[in-house]
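Enquirer: Here it is, the structure, as structure tokens.
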Amino acid sequence: MAGDLHPKCAPWRTFLAQLSFEFMKLTFIAKIWQRSLRYILPFLCLASFIAALLLNSLSGATAQDLFNPDPAPAPPPRQEIRGVWMTINDIDILRDRDSLRNAVSQLARLHFNTIYPVVWNSGYAMYPSAVTQRMGIQPFVYQGTQGQDILAELVAEGHRQGLLVIPWFEFGFMTPPTSELATKHPNWITQRRDGSQTWDSAAGEVVSLNPFMPQVQQFLAELILEIVTQYDVDGIQFDDHASLPNELGYDKYTTALYAKETKKSPHPDFQNPDWVRWRANKITAFMQYLNQLVKTYKPNAIFSVAPNPYDYAYKAHLQDWLTWIRIGIVDELIVQVYRPNLQVFIEKISRPEMVEARQKIPTGVGILTGLRNRPISMQQIEDQVWAARDRGLGVCFFFYESLWDYAPETVAQRQAGFQTLFPYPASRAAIQ
């Protein structure tokens, strides 16, 4: 039958023969691979196992993160405020050059990042002030034992150790009635409606400079400008005494100014809302002026305030710091919350105004670490620090010497406690 096929079919017979031959070769190769696979498979499994071990060793940190149920805690936020006030009680440390350097070194080792040294206390500047000398006030009362400028030394050493130094105008408008400032300028002192002037503060009996009088404002502005321009400071801080007790303001100058602006006399009730608001607004306007003054000469300076909790600060001391934040004249807020009861402490730092401030600027809590006649346990300090941290707040301690001394624990125990609180550095930027 094949011989009877047409001649044109010859190429097809050749193609079919070759195709059959290739199929037989593939079948033969497949059988060889099938037989060989029994011997190759164990080697492939071994190679895969070795590769897995190598990959595991190269990515050990990742594997640890996946399988470790309790990873180490992350470092705290880098911009966390970790400050301490250096007060007049620390003057012996500040005056001695070696003691000052040791103190700053200790703070740096324990990962503090900000020092707030007092520069205005009891009517005296704690640096060689040309402003107070022009006022006839005894010059350079608080100088170092070697005759050095304490503030200049502290700024230089603080920066060398990586800490910010923000001078603190502790007394604000407050001064003792026996100070040279008060006795040389009695017309600068404001009063109650009955004419009395003195009041009791934590620093003893004091009087208040009139915050509404241009001469008083000019004097304080010159002191602040002197510090900002003469020293390499990182900012300036005002505390709860950049204010006025609500009973005061009935002096002749203030009552005349109020009558001129409102066409009425000050209310006999010092808590009257309109009378409170007018005086608070005047203090706000002065703080706004000070902010502009500081920023003109040092734009990157931190304008810091350390008041009492807001409700008390405004109603009792006419200090409307929440408005200061809202109008943008505060770069940093540290609210003094010296409460031994933890629940009360937490209530104060959880207030809506604290939440609002934290959302806008670096915010911290002032924590009392002890007084000479009132030791504070390390446990109370730790509880308050962690409560503040849980709410995204930094901390500042009052005051340096009581960090280790005047305490129920030993110096070593106290320092170990702070080392536990601050195991990681937390640097701060001077530029806001």
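The values are calculated or read from the model by the stated rules, or taken from the named source; none is laboratory data. Predicted, not measured: the structure shown is a model, and the values here were computed from it. Here the Cβ positions follow ideal geometry from the backbone for every residue, glycine too, while neighbour counts run over all protein chains shown.
Enquirer: How many residues are crowded, with 20+ Cβ neighbours inside 10 Å and either part of a loop (DSSP other than H, G, I, E, B) or of a type in the set (A, V, I, L, M) (or both) when one looks only at the range 125-141?
Expert: Matching residues across the range 125-141 total 4.
Enquirer: Residues in the range 229-240 that are β-branched (Val, Ile, Thr) and buried (at least 20 other Cβ atoms within 10 Å of the Cβ): how many?
Expert: The total comes to 2.
Enquirer: Which of the residues spanning the range 301-336 are more than 19 Å from Tyr289 (Cα to Cα), crowded, with 24+ Cβ neighbours inside 10 Å and free of Cβ contacts under 8 Å to residues at least 60 places away in the same chain?
Expert: If the condition is that a residue be more than 19 Å from Tyr289 (Cα to Cα), crowded, with 24+ Cβ neighbours inside 10 Å and free of Cβ contacts under 8 Å to residues at least 60 places away in the same chain, then Val335 is the only one that fits.
Enquirer: Hey, Asp149 hits all of (1) of a type outside the set (Gly, Ala, Ser); (2) touching a residue at least 40 places away in the same chain (Cβ under 8 Å); (3) surrounded by fewer than 22 Cβ atoms within 10 Å (Cβ to Cβ) but one; which does it fall short on?
Expert: (2)
Enquirer: Looking at Thr178, is it over 27 Å from Ile334 (Cβ atoms), assigned to a loop (DSSP other than H, G, I, E, B), over 27 Å from the mean Cα position of the chain (by Cα) and without any contact (Cβ under 8 Å) to a residue 40 or more places away in the chain?
Expert: yes
Enquirer: Follow-up. Could you check, for the range 263-271, whether at least one of its residues is at pLDDT 95 or above, under 31 Å from the mean Cα position of the chain (by Cα) and either surrounded by 12 or more Cβ atoms within 10 Å (Cβ to Cβ) or among the polar types (S, T, N, Q) (or both)? Full working, then the answer.
Expert: Residues of the range 263-271 that are at pLDDT 95 or above, as a first pass: 263-271.
When the remaining residues are screened for being under 31 Å from the mean Cα position of the chain (by Cα), the result is none.
No - not one qualifying residue is present in the range 263-271.
Enquirer: Which numbered condition in (1) surrounded by fewer than 17 Cβ atoms within 10 Å (Cβ to Cβ); (2) touching a strand residue (DSSP E or B) at 6+ places or on another chain (Cβ under 6 Å) is the only one that Pro352 fails?
Expert: If we test Pro352 against (1) surrounded by fewer than 17 Cβ atoms within 10 Å (Cβ to Cβ); (2) touching a strand residue (DSSP E or B) at 6+ places or on another chain (Cβ under 6 Å), just (2) comes out false.
Enquirer: Residues that are in a loop (DSSP other than H, G, I, E, B), over 23 Å from the mean Cα position of the chain (by Cα) and either modelled with pLDDT of 95 or more or acidic (Asp, Glu) (or both): does the range 95-104 have at least one?
Expert: Taking every residue of the range 95-104 in turn, at least one turns out to be in a loop (DSSP other than H, G, I, E, B), over 23 Å from the mean Cα position of the chain (by Cα) and either modelled with pLDDT of 95 or more or acidic (Asp, Glu) (or both).
Enquirer: Going by what's in this entry, would Ser196 be described as hydroxyl-bearing (Ser, Thr, Tyr), in a strand (DSSP E or B) and in the same structural domain as Lys282 (by TED's automatic domain parsing)?
Expert: When the stated conditions are applied, Ser196 does not pass them.
Enquirer: Which of the residues spanning the range 308-364 are in a loop (DSSP other than H, G, I, E, B) and basic (Lys, Arg)? If you could, list the steps in order and put the result at the bottom.
Expert: Within the range 308-364, the subset in a loop (DSSP other than H, G, I, E, B) is 308-309, 318-320, 327-331, 337-341, 350-351, 361-362.
Hits for the range 308-364 are Arg339, Arg351.
Enquirer: Go through (1) closer than 24 Å to Gln336 by Cβ; (2) free of Cβ contacts under 8 Å to residues at least 60 places away in the same chain one by one and return the number of the condition Met213 breaks.
Expert: Single failed check for Met213: (1).
Enquirer: Could you grab the pairs with beta carbons closer than 6 Å, sequence gap of 6+ or different chains, first residue in the range 256-272 and free of Cβ contacts under 8 Å to residues at least 24 places away in the same chain, second one surrounded by 13 or more Cβ atoms within 10 Å (Cβ to Cβ) and not in a helix (DSSP H, G or I)?
Expert: Correct list of pairs: Tyr258/Pro266.
Enquirer: From the list Ala285, Ala242, exactly one residue is assigned to a helix (DSSP H, G or I) and either out of contact with any Lys or Arg (no Cβ under 9 Å at 6 or more places or on another chain) or under 30 Å from Ile302 (Cβ atoms) (or both). Which is it?
Expert: Just a single option satisfies the conditions, and that option is Ala285.
Enquirer: Please state which one of Pro186, Pro177, Pro167 is in contact with a Phe, Trp or Tyr (Cβ under 9 Å, 6 or more places away or on another chain) and not hydrophobic (A, V, I, L, M, F, W, C).
Expert: Only one candidate qualifies: Pro167.
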